Amino acid sequence: MPWEELAACLPPENQGPGAPKWFDAKGMFALMFLKSYFDLSDEKLVERFNTDWGIQLFCGKLLKENQLVRDSGIVGRIRAYVAEHADWQKVQEVLLNSWKGDIDNTHVLFMDASCYESYIRFPTDVKLLWECCQWVFEKQLFKICKKTGTKRPRSKYHEQKKRQLGYARKRKKTFKETLKRKKSLIYLLEKGLGQLQEVISELKGAGLAAEEFGYLRTVKTVLSQQTFLLGHPAKELKNRIVSLPRPYVRPIVRGKENKRVEFGMKVHMLQVDGISFLDTMDFNNFNECTRLRISVLKHKKVFGQALQLGADRIYATNSNRRYCTERKIFTCFPKKGPKGYSEAEKILSGEISRQRSTVMEGVFGDHKNHYGLRKVRVKGEKKEQLMVFFATMTANAVKIAKRREKKESPPLLDRAA
């Protein structure tokens, strides 16, 4: 790990009064790598840090004999600090430049896209509307009225709560039942928002905290979107909200047989000699074939000109084919026209396709199964991006360490001697 270069990616430490600062810039980055490597919760990671001197040395903070880190929320605050102040593209460039000497076949570039799902329940319109109604009435309106001693405004919330429970218990819901439930909840939510707005106006905003005003804005957006969906098809709605605590998450249509839609962040990943690096991360859906030119330029900046390229058929557009032909980049795209591949070109194209479908796509499963990305649990757009970034870089660091260990280990004949 190039610790000095990584530490330079964070602003200088603020020296001043207050609680003792446990970790410097190196320790913060080291803790983020360990979070992905061990795939532990924040609390479990702090416990592991307190009891393992090897982890303490890795973070550059060796505790004294009776000293413990008792703050279980320190990992979350460090994650928020790094996400706010460190540019992941700059950090990635520092790491790739440090690992370049251990990467072979840098003229071969693979690319593919995947979705890393956020930890949310499967969203439906009825569930989302009911969550909004619960927040407006139970968590805000009733709470404010009880605190101020004022009379609750009249509503049919408790009656709708019973109906919602009966609807949720049904294993099969007809279209008419769902539509009726949506209309009832939209009417209830609209009335509840009006009553809550009157109470807030009377108290001059004193009843809500700063974070709750953001929730209120999200609830109003959900109401307008669900009202729009009553008379329009879903494809006409842009920036559809599917989660109240994570309003930035969007439905990503992937077209898979077992999972047609995924809810999380779409990532365009590049790979050179088994080492992966990120091109872009976005919660809005995008067409990955438009990223080919930018990806080739990013590869050129770090590793030099790409001569061979492996990607699936969605990238094989006419503009991408022309771009690769002009720069003499051999691809595994199917040939167009009557003239096919020669025998040598067929062998090379088949090998590139095989490597892409096994090594490249296997990386996504490796990240999800072993580096904590099966469901991203942290909340916050930048924080989720940070989790995906450190999981990718941690997997790379493990591969680089194994390669260096293999180079440094003596041959079997020398060991026998």
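The values are calculated or read from the model by the stated rules, or taken from the named source; none is laboratory data. Because the structure is predicted, anything quoted here is derived from the model rather than measured. Backbone-built Cβ (ideal geometry, glycine too); neighbour counts: all protein chains shown. Areas reflect the complete protein model, heavy atoms only, side chains present, ligands, DNA and RNA absent. Shrake-Rupley method; radii C 1.70, N 1.55, O 1.52, S 1.80 Å.
Assorted remarks:
- Any hit, the stretch 149-165, residues being within 31 Å of the chain's Cα centre (by Cα) and either free of Cβ contacts under 8 Å to residues at least 60 places away in the same chain or in a helix (DSSP H, G or I) (or both): no
- Taken across the stretch 324-333, residues that are aromatic (Phe, Trp, Tyr) and in a loop (DSSP other than H, G, I, E, B) do occur, with at least one present.
- Where helices (runs of 4 or more DSSP H) fall entirely within the stretch 1-102, those with at least 3 residues that are closer than 30 Å to residue 272 by Cβ and open to solvent by 60 Å² or more (accessible area, probe 1.4 Å) are at 88-99.
Here's the yes/no breakdown for (1) open to solvent by 80 Å² or more (accessible area, probe 1.4 Å); (2) under 30 Å from residue 116 (Cα atoms); (3) in contact (Cβ under 8 Å) with a residue 12 or more places away in the chain:
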| residue | (1), (2), (3) |
| --- | --- |
| 178 | no, yes, yes |
| 187 | yes, no, no |
| 192 | no, no, yes |
| 196 | no, no, yes |
| 228 | no, yes, no |
| 239 | yes, yes, yes |
| 245 | no, yes, yes |
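Here's the yes/no breakdown for (1) in contact with an Asp or Glu (Cβ under 8 Å, 6 or more places away or on another chain); (2) within 22 Å of residue 40 (Cβ to Cβ); (3) of a type in the set (D, E, K, R):
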{"position": "306", "(1), (2), (3)": "no, no, no"}
{"position": "312", "(1), (2), (3)": "yes, no, yes"}
{"position": "327", "(1), (2), (3)": "no, no, yes"}
{"position": "344", "(1), (2), (3)": "no, no, no"}
{"position": "375", "(1), (2), (3)": "yes, yes, yes"}
{"position": "379", "(1), (2), (3)": "no, yes, yes"}
{"position": "383", "(1), (2), (3)": "no, yes, yes"}
{"position": "386", "(1), (2), (3)": "no, yes, no"}
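- Flag if residue 283 is of a type in the set (Phe, Trp, Tyr) and surrounded by fewer than 17 Cβ atoms within 10 Å (Cβ to Cβ): no
- Selection of the stretch 142-171 for residues being open to solvent by less than 30 Å² (accessible area, probe 1.4 Å) and farther than 15 Å from residue 187 by Cβ yields 142, 144, 145.
- Whichever residue in the stretch 125-141 is among the acidic types (Asp, Glu) and within 29 Å of the chain's Cα centre (by Cα) and, among such residues, is most open to solvent (accessible area, probe 1.4 Å): 131
- Condition check for residue 316: crowded, with 16+ Cβ neighbours inside 10 Å and among the small types (Gly, Ala, Ser): yes
- Considering only residues in the stretch 120-140 that are part of a helix (DSSP H, G or I) and aliphatic (A, V, I, L, M), the one that is nearest to residue 376 (Cα to Cα) turns out to be 128.
- Test: residue in the stretch 373-389 that is free of Cβ contacts under 8 Å to residues at least 40 places away in the same chain and part of a helix (DSSP H, G or I): no
- Filtered by the rule that a residue be hydroxyl-bearing (Ser, Thr, Tyr) and either surrounded by 18 or more Cβ atoms within 10 Å (Cβ to Cβ) or part of a helix (DSSP H, G or I) (or both), the stretch 103-119 gives 114, 116, 118.
- Restricted to the stretch 349-376, and to residues there that are open to solvent by 60 Å² or more (accessible area, probe 1.4 Å) and in contact with a strand residue (DSSP E or B) (Cβ under 7 Å, 6 or more places away or on another chain), the residue that is nearest to residue 391 (Cα to Cα) is 375.
- Filtering 384, 408, 343 for residues that are more than 18 Å from residue 104 (Cα to Cα) and open to solvent by 70 Å² or more (accessible area, probe 1.4 Å) leaves a single hit, 343.
- The test for being under 30 Å from residue 380 (Cβ atoms) and not aliphatic (A, V, I, L, M) holds for residue 220.
- Look at the stretch 83-94: where a residue is more than 16 Å from residue 396 (Cα to Cα) and a partner is surrounded by 20 or more Cβ atoms within 10 Å (Cβ to Cβ) and not small (Gly, Ala, Ser), sitting 6+ places away or on another chain with Cβ atoms under 6 Å, you get 83/386.
- Test: residue in the stretch 260-274 that is acidic (Asp, Glu), assigned to a helix (DSSP H, G or I), in contact (Cβ under 8 Å) with a residue 24 or more places away in the chain and open to solvent by less than 70 Å² (accessible area, probe 1.4 Å): no
- Members of the stretch 166-176 that are free of Cβ contacts under 8 Å to residues at least 40 places away in the same chain and in a helix (DSSP H, G or I): 166, 168, 169, 175, 176
- The residue that is farthest from residue 364 (Cα to Cα), counting only those in the stretch 270-284 that are within 13 Å of the chain's Cα centre (by Cα) and of a type outside the set (Asp, Glu), is 284.
- Only one of 86, 30 that is at pLDDT 90 or above, under 21 Å from the mean Cα position of the chain (by Cα) and of a type in the set (Gly, Ala, Ser): 30
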